[in-house]
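A short worksheet on the structure shown next.
The values are calculated or read from the model by the stated rules, or taken from the named source; none is laboratory data. Keep in mind that what you see is a predicted model, and the values were worked out from it rather than measured. Cβ: placed from backbone, ideal geometry, glycine included. Neighbour counts: every protein chain shown.
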Amino acid sequence: MFAVFAGARKAALLCVTLAAGLVLSACDTAGVGAGGPRIDASAPVPVALLVPTGSAQSGDMILAQSLENAARLAISDLNGVQIDLRVYDTAGNAATAANVANQAVDDGAKIILGPVYAESANAVGLAVANRNVNVLSFSNNPTIAGGNVFILGPTFDNTASRLANYAARQGKRNVLIVHGSDLAEQTGRDAVQRALARTSASSVGTVTYEQSQQGVIGAIPRIKSQVESTGADAMFLTANTAGALPLLTQLLPEAGISSPATQFIGLTRWDIPSQTLELPGVQGGWFALPDPVKSDQFRARYTASFSNAPHPIGSLAYDGIAAIGALVGSGNPDALSGASLTQGAGFQGVGGIFRLLPDGTNQRGLAVATIQNRQVVVVDPAPASFSGAGL
């Protein structure tokens, strides 16, 4: 039932898949990252890029090439900062990733960028934990963050916080959370609950559905009953566009529940794939996304340079190089230490500002958008800095 947009399913699900993997034991979270090796900022700084080339998983070769392309595009933008990028293939395998990470450090790498998948990133962090090297993974799984491992992927907590704060400022007070029964959507539910607890809005309950057509259909009367009994004026939906979102946003309005009376708020991107914008039920809903102007500029530059569009998470490699380049450009020999990586001002990335946090997760400055007449309309722009950003 949920293969609504089959052609775009893998791209739409990738980030959620990374968050929904095995619950992994994070590296030691004491302190802020590894100390980090001292560098000579006047010479090329060796950076290891770990990509899933050689994996048996369909699409990993395209992903790997996009990550490398984006990293090299970022290097070309560094204005004099010299990065010696060295690419290592992980085959999408945790043991291989750990081995090549050690090889990269033996080869002189001062920091590791990648790998993609959470299990591999965790293995890499553990492999080099005693070698004074930090890891900027492309994962968005917070269970692996901490110690010398930082994640660059967007997190549910960051998105939920942005949207919950915006909803509260718009006067929403009673928020119902509707989520699927799988690990990814339970993780999303928890993120929304934490975010609401920090605002003037409150969670008035949750409704769970099984991940099937009948499961969603069966949940509609329960959702309607909860809305009516609690006076919910907003509803967080954790479903993504390749899952239950199309069916939920069809059936809820048919049951008399729709935005703006009960404002729909999406924890996932509602503009990917573009066919989602055609759905009647998503019109007027709110969701968060990176600064669309900057994101469009990156896609245009990437396409002009490489004659094809970037992979949806390829931009994370650009962000990683941008952060490394900004720190190396300071001339500080300790530029790649945990303390430097987590400096509060953050960095400018493909989709706007972002910063790495002491717990190994990240915070990104997101825009809030709605869908009007099948078009994405930004209703609250992404902040330009973390000073007073209200995130």
(request) Determine whether segment 42-54 contains at least one residue that is surrounded by 15 or more Cβ atoms within 10 Å (Cβ to Cβ), assigned by TED's automatic domain parsing to the domain that holds residue 330, over 22 Å from residue 315 (Cβ atoms) and of a type in the set (Val, Ile, Thr). (result) no
(message) Can you say whether residue 370 is of a type in the set (S, T, N, Q), farther than 29 Å from residue 109 by Cβ and in contact (Cβ under 8 Å) with a residue 40 or more places away in the chain, as far as the supplied structure shows?
(response) yes
(message) Step by step: first the residues of segment 113-130, then only those that are under 16 Å from the mean Cα position of the chain (by Cα) and within 14 Å of residue 55 (Cα to Cα), then the one that is surrounded by the most Cβ atoms within 10 Å (Cβ to Cβ). Which residue is that?
(response) 115
(request) Starting from residues that are among the small types (Gly, Ala, Ser) and surrounded by fewer than 22 Cβ atoms within 10 Å (Cβ to Cβ), keep the ones in segment 95-105 and report whichever is farthest from residue 315 (Cα to Cα). (result) 95
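Of the residues 312, 333, only one is more than 20 Å from residue 77 (Cα to Cα), under 16 Å from the mean Cα position of the chain (by Cα) and not hydrophobic (A, V, I, L, M, F, W, C); which?
On the way: 333 fails: under 16 Å from the mean Cα position of the chain (by Cα).
Every option except 312 fails the conditions.
If you take just the helices (runs of 4 or more DSSP H) that sit entirely in segment 148-239, which of them hold at least 3 residues that are in contact with an Asp or Glu (Cβ under 6 Å, 6 or more places away or on another chain)? I'd like the intermediate steps shown before the answer.
Numbers: elements: 156-169, 183-197, 213-230.
Ranges flagged: none.
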(request) Report, ordered by the first and then the second residue, all pairs with beta carbons closer than 8 Å, sequence separation of six or more or different chains, a first member in segment 124-149 that is within 15 Å of residue 355 (Cα to Cα), and a second member that is assigned to a helix (DSSP H, G or I) and among the β-branched types (Val, Ile, Thr). (result) 135/124; 136/324; 137/124; 137/144; 149/124
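How many residues does segment 229-257 hold that are polar (S, T, N, Q) and surrounded by 24 or more Cβ atoms within 10 Å (Cβ to Cβ)?
Residues of segment 229-257 that are polar (S, T, N, Q), as a first pass: 229-230, 238, 240-241, 249-250.
Those still in the list that are surrounded by 24 or more Cβ atoms within 10 Å (Cβ to Cβ) too: 238, 240-241, 249.
Number of matching residues: 4.
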(message) Within segment 286-302, does at least one residue satisfy the condition of being of a type in the set (Phe, Trp, Tyr), in a strand (DSSP E or B) and either assigned by TED's automatic domain parsing to the domain that holds residue 164 or buried (at least 16 other Cβ atoms within 10 Å of the Cβ) (or both)?
(response) yes
(message) Against the condition of a type outside the set (A, V, I, L, M) and either part of a helix (DSSP H, G or I) or surrounded by fewer than 19 Cβ atoms within 10 Å (Cβ to Cβ) (or both), how does residue 108 come out, does it pass?
(response) yes
